[in-house]
2 protein chains.
Amino acid sequence: MVKWLGETTLFSGMADQHLRDLSGIAMVVSYKRRATIFSEGDQGNGFYLVKEGKVKIFMISPDGKEQILHIFGPGEPFGEVPVFAGQSFPAHAVALETSRLVFLPRDDFIALVAANPALALNLLAALSQRLRQFTKMIDALSLKEVPGRLAAHLLFLSKKQSAGDQLQLELSKTQLASLLGTIPETLSRMLSKLQREGFITLEGASIAIVDREGLEELAEIGKF
Amino acid sequence: MVKWLGETTLFSGMADQHLRDLSGIAMVVSYKRRATIFSEGDQGNGFYLVKEGKVKIFMISPDGKEQILHIFGPGEPFGEVPVFAGQSFPAHAVALETSRLVFLPRDDFIALVAANPALALNLLAALSQRLRQFTKMIDALSLKEVPGRLAAHLLFLSKKQSAGDQLQLELSKTQLASLLGTIPETLSRMLSKLQREGFITLEGASIAIVDREGLEELAEIGKF
DNA sequence: GATTATCATTGACTTAAGTCAATCGGCTGA
DNA sequence: TCAGCCGATTGACTTAAGTCAATGATAATC
């Protein structure tokens, strides 16, 4: 566990003693696929790191439409907001796959932060990074149309997977639609349109980028 | 300056010595109305506190549409993201009024954070709070329609101004539209509609809430 | 291995909100 | 004082994207 903690972004570069302290307060918990980890408004008495599996953070409207904020995988922390501000979670979390999580209880953790400036700086970096992502998401939702958001996401996946012009959608189309702030029907139409107009070729969840420059322009301008 | 710093949320509850240290690295800078403080992509070598005046943080699309992220007034910090993560600003900042700002240079400030856990915890609280706000904004943009966002904003102003059912829009209608992710024409129509349907009465920038329950439901459901 | 669910796709239609254009009023500055 | 601008409002129109519905295609479960 100490070794694993030291390999996460959040705790990288920390002294062994501090990692052992963290390990001392950590608890491993498991959630089955589709299980709720927490809901919006719940008291937050600590936060989580994904050890194995995949977790979805999302909001839901009264009539059931969902907006995904994040998909987190191994090594990534989530649920920190109520640890430091207010107390309730601002969104919902469910396991997308059967997952093992590391839970870090609030009060013990804050004591460690107070005693360890490097940890505090790592946390500040993590939250700042998250703010940057949210800024991009607000920009996309407000100033770009669906094809632009989709193009940006494809370029993001291509970069992340570093497999040249070949990439895999890592989510079901329904989940991807929810991440992009739209619905499956619209996503389906837009993928077809990108293919029809020669930006990509598409078979199932596998996509090949044909016109990277065009996609980049589309992501930038935000519309056809 | 030391006294003023101690009264900001970010530095409240801190020891005098630490406030003096902060004061030692702080510089006061002035910006005229409409002056640019920084632009998206600029290197961030420090962050700011509003001493007097009002600052707008926003993004802009290639064809000139603007989305406001925040309006900050006296005592509020902005521009922290590149201090802790990456290096460039994710958005633009301009002075809405002639303003005096306190600038805190990155490297000196980080040294103080590393030496002062209370400061680190205050910062973590501030960034967490900002994440909570962004979560609400994403929720609003993605899952609520314009009338719902407007209703939520009116209720927010009413609470903030604590003047019963009477409230003032603190921005021009154009700026308010940009904050709500819409355009002035649409905002104008929606304000008329809220009045026509008996939720509010409206004269210029003064609004009286007539049906608070109705507004709350509208803000919750997100649409008529 | 059969039977449900769930997911993806397509077509026809509706609708919220944006665009374009015109008007009015109030400030601002020469 | 007056010309010129910016902000707000309203009307007519367009459009991106959502809704509803039907069909196939998987995939999950007993």
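Would you mind giving the total buried accessible surface between chains A and B, with a 1.4 Å probe and ligands, DNA and RNA left out, rounded to the nearest 100 Å²? The partial results should precede the final answer.
Values: alone 11880 and 11870 Å², together 19930 Å².
The summed interface area works out to 3800 Å².
Hey, what do the phi angles of the stretch A:28-34 turn into as Karplus ³J(HN,Hα) couplings, whole Hz, using 6.51/-1.76/1.60 and θ = phi - 60°, x for Gly and Pro?
Rounded to whole hertz, the list is 8, 10, 10, 9, 7, 3, 6.
So the label point sits 7 Å from Cα along the Cα-to-Cβ vector; using that for A:Glu7, what distances do you get to the other copies, in nanometres, sorted shortest first?
5.2
In terms of modelled amide H atoms, which long-range or inter-chain residues lie less than 5 Å from the amide H of B:Gly46?
Correct list: B:Arg106.
What ³J(HN,Hα) values, in whole Hz, does the Karplus curve 6.51 cos²θ - 1.76 cosθ + 1.60 give for the stretch B:83-93 when θ = phi - 60°, with x put for Gly and Pro?
5, 10, 9, x, 8, 9, 6, x, 8, 9, 10
Compute the Rg/Rh shape ratio of the protein assembly as shown: radius of gyration over Kirkwood radius, all on alpha-carbon atoms. Each step should come with its number before you reach the end.
Working: Rg = 22.8 Å, Rh = 23.6 Å.
Value, to two decimals: 0.97.
What does the charge count near B:Ile110 come to, summing +1 for each Lys or Arg and -1 for each Asp or Glu among other residues with Cβ under 13 Å from its Cβ?
On the way: positive: B:Arg106; negative: B:Asp21, B:Glu80, B:Asp107, B:Asp108.
Its environment carries a net charge of -3.
Which of rounded, prolate, oblate describes the stretch B:144-221, given a ≥ b ≥ c as roots of the alpha-carbon gyration tensor eigenvalues and a/c under 1.5 marking rounded, otherwise prolate only if a/b is larger than b/c? Walk me through the numbers before you get to the answer.
Values: a/c = 1.36, a/b = 1.16, b/c = 1.18.
Taking the square roots of the gyration eigenvalues as a ≥ b ≥ c, the stretch B:144-221 is rounded.
Can you tally the net charge around A:Leu171? Count Lys and Arg as +1, Asp and Glu as -1, for every other residue whose Cβ sits under 10 Å from the Cβ of A:Leu171. Don't skip to the answer; put the middle values down first.
Numbers: positive: A:Lys54, A:Lys56, A:Lys173; negative: A:Glu170.
For residues surrounding A:Leu171, the net value is +2.
I'd like the Karplus ³J(HN,Hα) series for the stretch A:110-125: coefficients 6.51, -1.76, 1.60, θ = phi - 60°, whole numbers in Hz, and an x wherever there's a Gly or Pro.
4, 4, 5, 4, 5, 9, 9, x, 5, 5, 4, 5, 4, 5, 4, 5
Quick one: which of A:Lys56/A:Lys136; A:Lys65/A:Lys159; B:Lys3/B:Lys173; A:Lys223/B:Lys144; A:Lys136/A:Lys160; A:Lys32/A:Lys144 span more than 25 angstrom between C-alpha atoms? Write out the running numbers ahead of the final one.
Working: A:Lys56/A:Lys136 18 Å; A:Lys65/A:Lys159 29 Å; B:Lys3/B:Lys173 36 Å; A:Lys223/B:Lys144 22 Å; A:Lys136/A:Lys160 17 Å; A:Lys32/A:Lys144 36 Å.
Going by Cα-Cα distance, A:Lys65/A:Lys159; B:Lys3/B:Lys173; A:Lys32/A:Lys144 fall outside the 25 Å limit.
If you bin the C-alpha pair distances of the stretch A:93-224 every 5 Å from 0, what whole percents do you get?
Here the calculated profile for the stretch A:93-224 is 2, 9, 15, 18, 17, 11, 9, 8, 6, 4, 1, 0.
Jot down the radius of gyration and Dmax of the stretch A:2-130, Cα atoms only, both in angstrom.
14.4, 49
Over all directions, the average projected area of the alpha-carbon convex hull for the stretch B:45-90 comes to how many nm²? It would help to have the intermediate numbers written out before the result.
Working: hull surface 15.0 nm².
Result: a mean projected hull area of 3.7 nm².
Quick one: with label points 7 Å out along Cα→Cβ, list the inter-copy distances for A:Thr36 in nm, shortest first?
Copy-to-copy label distances for A:Thr36: 4.8 nm.
In nm², what is the average projected area of the convex hull enclosing the Cα atoms of the stretch B:133-181?
Values: hull surface 13.7 nm².
Answer in nm², one decimal: 3.4.
Can you give the helix-only mean residue ellipticity at 222 nm for chain A, where every DSSP H stretch with n ≥ 4 adds -39500 (n - 2.57) and the sum goes over all residues, rounded to the nearest 500 deg cm²/dmol? Spell out each step's value before the answer.
Working: 9 runs with 102 residues, N = 224.
Using -39500 (n - 2.57) per qualifying helix, the result is -14000 deg cm²/dmol.
So with the 1.4 Å probe, I'd like the accessible area per residue for chain A, rounded to whole Å². List each step's numbers first, then the result.
On the way: 9970 Å² over 224 residues.
Per residue, chain A has 45 Å² of solvent-accessible surface.
Which whole number gives the average, over all residues in B:56-68, of C-beta atoms from other chains lying within 10 Å of the residue C-beta? Don't jump to the answer; show the numbers that get you there.
Details: counts 0, 1, 1, 7, 2, 9, 7, 4, 0, 3, 2, 6, 2.
Mean shielding by partner chains, rounded to a whole number: 3.
Counting residues in chain B as N, plug N into 2.2 N^0.38 Å and put the Cα Rg over that result.
Details: Rg = 19.2 Å, N = 224, 2.2 N^0.38 = 17.2 Å.
With N residues counted in chain B, Rg over 2.2 N^0.38 Å equals 1.11.
Roughly how crowded by other chains is peptide B:112-118, in terms of the mean Cβ count from those chains within 10 Å of each of its Cβ atoms?
Values: counts 0, 4, 4, 1, 2, 9, 1.
If you average over the peptide's residues, the count of other-chain Cβ atoms is 3.
When each copy gets a label point 7 Å from Cα toward the beta-carbon at A:Ser88, what are the spacings between them in nm, shortest first?
3.9
The values are calculated or read from the model by the stated rules, or taken from the named source; none is laboratory data. This one's a predicted model, so the numbers in the text were calculated from it and none came from an experiment. Because the Cβ atoms are built from the backbone with ideal geometry, glycine has one as well, and the counts that use them run over all protein chains shown. Areas reflect the complete protein model, heavy atoms only, side chains present, ligands, DNA and RNA absent. Shrake-Rupley method; radii C 1.70, N 1.55, O 1.52, S 1.80 Å.
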